[in-house]
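S.K.: Quick one: structure below, then a few questions.
The values are calculated or read from the model by the stated rules, or taken from the named source; none is laboratory data. What you see is a predicted model; the values in this text were computed from it and never measured. Positions of Cβ are backbone-derived with ideal geometry, glycine not excepted, and every protein chain shown enters the neighbour counts. Note: areas computed on protein heavy atoms with side chains; ligands, DNA, RNA excluded. Shrake-Rupley method; radii C 1.70, N 1.55, O 1.52, S 1.80 Å.
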Amino acid sequence: MKMYYNWEKMTNTEELRVVCNLIRNGEIIIFPTETVYGIGANALDANAVGKIFAAKGRPSDNPLIVHLADRNKIQEVAQDITEVEQELIDNFMPGPFTLILKRKPIIPDIVTAGLDTVAIRIPENIIAKGIITYSGVPIAAPSANISGKPSGTKIEDIRKELEGKVSAIVDGGETKIGIESTVVKVIDEVPVVLRPGKITPEQIDAVIGRVRIDKNILGTLNKDEVAESPGMKYKHYAPETSCKLVYCKDELDQIFYLKKFIKQYDGDVVVIGVEEHKEKLFLDDQRFISVGKKDNLEDYARNIFSALRKADQIKSSKIIIEGVKMEGLGYAIMNRLIRTCEHDFFEKQ
């Protein structure tokens with residue numbers, strides 16, 4: 001790693017110039033967005049984008065998201081935008097929202113995994129927007145982590161695993177949202193959520209009047225199936241320690257089954273859960289990692305990836321994770337956690 005810049009309090013203009021020159025010259029950098037940290041390169045430079053796949057150990061059939069500075073840039077990389085797609089752009093961009101559009105030939109095949117579509121996002125994070133704007137090129141960027149590991153929401157969680165593989169790291173502090181963007185593709189004039197995120201199906205329905213959730217959100221693709229969105233096909237968000245996800249609609253059932261699984265592993269577990277349940281499970285600070293209050297899904301989303309990394313450091317036999325109700329932001333949280341646990345999921349409605 002050549003350079004580390006801390007812009008949490010203020011962006012340094014001279015350092016911004018250096019970072020943007022790196023992008024223009026085919027290098028890769030780590031930078032913050034409002035969702036998670038990204039590892040980015042000039043999206044128009046196939047060789048530069050190849051460095052992202054090498055740094056992450058990312059499969060080549062897993063497409064990347066192209067980040068743009070503003071809506072006016074969409075027409076440079078995408079074409080044949082429909083009325084429904086434009087309405088989604090007008091309502092949810094910039095922000096934690098990715099739209100899959102028909103690509104223009106200017107986008108290299110390596111970015112799209114050879115598909116005729118391209119995933120587009122316009123971040124609202126001021127640092128990300130500044131880097132994209134002053135680089136003067138669209139930036140292809142997946143989450144900044146080794147492929148399959150938990151995404152990075154703060155630099156200290158990802159610096160050690162990636163600092164020798166990139167040309168610069170830009171530290172913008174902890175990310176605001178903590179999970180990746182919602183990914184949508186419009187099919188037959190219906191927005192289809194391929195990956196849930198902060199923008200919920202309910203919000204999309206309120207704007208468009210219709211929405212569908214892809215069947216693979218809580219499942220997974222077979223090895224021969226095409227992934228139209230990042231996060232659909234491979235093991236994701238997982239620490240080294242194996243994980244089990246537990247969700248019961250009734251709170252008393254939730255406590256009962258959490259205790260049951262703790263006992264199953266002779267107490268050699270770490271529980272990631274809501275603050276209110278720590279004392280009920282009789283666990284100390286090392287064995288219980290809070291993701292926030294039980295009614296605050298935004299805190300849960302913001303804290304889950306850091307909690308997974310912290311739990312992994314304890315080297316227990318199992319990480320047990322409290323699930324949430326699958327509605328609103330809960331879809332996004334459970335989508336990530338089911339993949340974290342490789343579908344080791346106990347549920348009682």
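S.K.: Between R71 and M3, what is the label-point separation in nm under the 7 Å Cα-to-beta-carbon projection?
M.R.: Label at M3, label at R71, 3.3 nm between them.
S.K.: Further question: For the chain, give me every cysteine whose Cβ has no other Cys Cβ within less than 4.7 Å, ordered by residue number.
M.R.: Flagged as lacking a Cys partner: C20, C248.
S.K.: Can you tell which of I155, I106, I30 shows the greatest fluctuation in a Gaussian network model of the chain with Cα springs below 10 Å?
M.R.: Top of the fluctuation ranking is I106.
S.K.: Could you tell me which residue out of A238, G178, G114 lies farthest along the dipole of the chain toward its positive end? Charges go on the beta carbon: Lys and Arg +1, Asp and Glu -1, centred on the Cα centre.
M.R.: Sorting the options by dipole projection puts first A238.
S.K.: Probe radius 1.4 Å, ligands and nucleic acids ignored: give me the carbon and sulfur share of the accessible area of the chain as a rounded percent. Mind dumping the intermediate values first?
M.R.: Details: 6920 of 14890 Å².
That share works out to 46 percent.
S.K.: Pick from G57, G328, G172: which is most flexible by mean-square fluctuation in a GNM of the chain where alpha carbon atoms under 10 Å apart are linked?
M.R.: Maximum among the listed residues: G57.
S.K.: Continuing with this model, one more query. Please find the FRET efficiency linking H343 to E14, where r is the Cβ-Cβ separation and R0 is fixed at 45 Å, and quote it to the nearest 0.05. Don't skip to the end; give the middle numbers.
M.R.: Values: r = 48 Å, r/R0 = 1.08.
Approximately 0.40, to the nearest 0.05.
S.K.: Filter the trypsin sites (Lys or Arg not before Pro) in the stretch 312-349 to those in DSSP coil with at most 14 other Cβ atoms within 10 Å of their Cβ, and list the result.
M.R.: Working: sites: K315, K318, K325, R336, R339, K348; in loops: K315, K325.
Hits after loop and neighbour filter: K315, K325.
S.K.: While we're here: What number comes out for accessible area per residue over the chain if the probe is 1.4 Å? Units Å², please.
M.R.: Working: 14890 Å² over 349 residues.
Here the per-residue accessible area is 43 Å².
S.K.: Another question, then. What residue among K56, K149, K259 shows peak mean-square fluctuation when the chain is described by a Gaussian network model with Cα springs under 10 Å?
M.R.: Taking springs between Cα atoms under 10 Å, the residue moving most is K259.
S.K.: Now for a separate question. Under the rule that an exposed site lies in a DSSP loop and has at most 11 other Cβ atoms within 10 Å, name the longest stretch of the chain with no GluC sites (Glu not before Pro) of that kind, not counting the sites themselves.
M.R.: The longest such stretch corresponds to 1-188.
S.K.: Which of S316, I127, M334 sits farthest toward the positive end of the charge dipole of the chain, with +1 on the Cβ of Lys and Arg and -1 on the Cβ of Asp and Glu?
M.R.: With unit charges placed on the Cβ atoms, the residue in question is S316.
S.K.: Nothing charged except the Cβ atoms of Lys and Arg (+1) and of Asp and Glu (-1): what's the magnitude of the dipole of the stretch 287-349 about its Cα centre? Round to the nearest 20 debye.
M.R.: Details: 12 positive and 9 negative charges, 55 e Å.
Dipole of the stretch 287-349, to the nearest 20 debye: 260 debye.
S.K.: Let me ask something else. Taking the Cα centre of the chain as origin, work out the dipole magnitude from +1 charges on Lys and Arg Cβ and -1 charges on Asp and Glu Cβ, in debye rounded to 20.
M.R.: On the way: 48 positive and 52 negative charges, 159 e Å.
Approximately 760 debye in magnitude.
S.K.: Over the chain, calculate the relative contact order: mean separation of alpha carbon pairs under 8 Å at least 6 apart, over the residue count, as a percent. Don't skip to the end; give the middle numbers.
M.R.: Numbers: 770 pairs, mean separation 67.7, N = 349.
It rounds to 19 percent for the chain.
S.K.: Projecting each Cα onto the charge dipole of the chain (Lys/Arg +1, Asp/Glu -1 at the beta carbon, about the Cα centre), which of M3, V36, H67 comes out farthest on the positive side?
M.R.: Going by the Cα projections, it comes out as M3.
S.K.: Shifting gears a bit: Out of residues 5 or more away from G38 or on other chains, whose amide H comes under 5 Å of its own, with H placed 1.01 Å from N in the peptide plane?
M.R.: Residues meeting the criterion, in which the H sits 1.01 Å from N, are F31, T33, A144.
S.K.: Oh, and also: Based on DSSP H assignment, which helices of the chain show an axial Cα extent of at least 15 Å together with a mean Kyte-Doolittle hydropathy greater than or equal to 0.0? Please list the in-between numbers first.
M.R.: Working: long enough: 13-24 (16 Å, 0.23); 46-56 (16 Å, 0.64); 251-264 (20 Å, -0.34); 297-312 (22 Å, -0.54); 329-340 (17 Å, 0.45).
Span-like helices, by this rule, are 13-24, 46-56, 329-340.
S.K.: Quick one: of K9/K310; K154/K259; K102/K129; K294/K348, which pairs are farther than 27 Å apart, Cα to Cα?
M.R.: Checking Cα-Cα distances, K154/K259 exceed 27 Å.
S.K.: Moving to a separate point now. For I120, what residues show an amide H to amide H distance below 5 Å, using hydrogens built from the backbone and excluding near sequence neighbours?
M.R.: Here V66, L99, I100, L101 satisfy the definition.
S.K.: If you don't mind, another one. Could you give the length gained by full extension between T82 and Q313, i.e. 0.36 nm per residue of separation minus their alpha carbon distance, to one decimal place? Let's see the in-between values first.
M.R.: Details: separation 231, 0.36 × 231 = 83.16 nm, distance 4.76 nm.
My answer for the length gained is 78.4 nm.
S.K.: If one computes the Cα centroid of the stretch 31-97 and of the stretch 243-303, what distance in Å separates the two points?
M.R.: Their Cα centres are 35 Å away from one another.
S.K.: Right, next: Suppose every Lys and Arg Cβ carries +1 and every Asp and Glu Cβ carries -1, with no other charges. What dipole size does the stretch 260-324 come out with about its Cα centre, to the nearest 20 debye?
M.R.: Values: 12 positive and 12 negative charges, 41 e Å.
Roughly 200 debye, rounded to the nearest 20.
S.K.: Further question on the same structure: Mind checking the stretch 247-349 for chymotrypsin sites (Phe, Trp or Tyr not before Pro) that DSSP puts in a loop (not H, G, I, E or B) and that have at most 12 other Cβ atoms within 10 Å? Present the calculation step by step, with values, prior to reporting the outcome.
M.R.: Details: sites: Y247, F256, Y257, F261, Y265, F282, F288, Y300, F305, Y331, F345, F346; in loops: Y265, F282.
Those that pass, being in a loop and sparsely packed, are F282.
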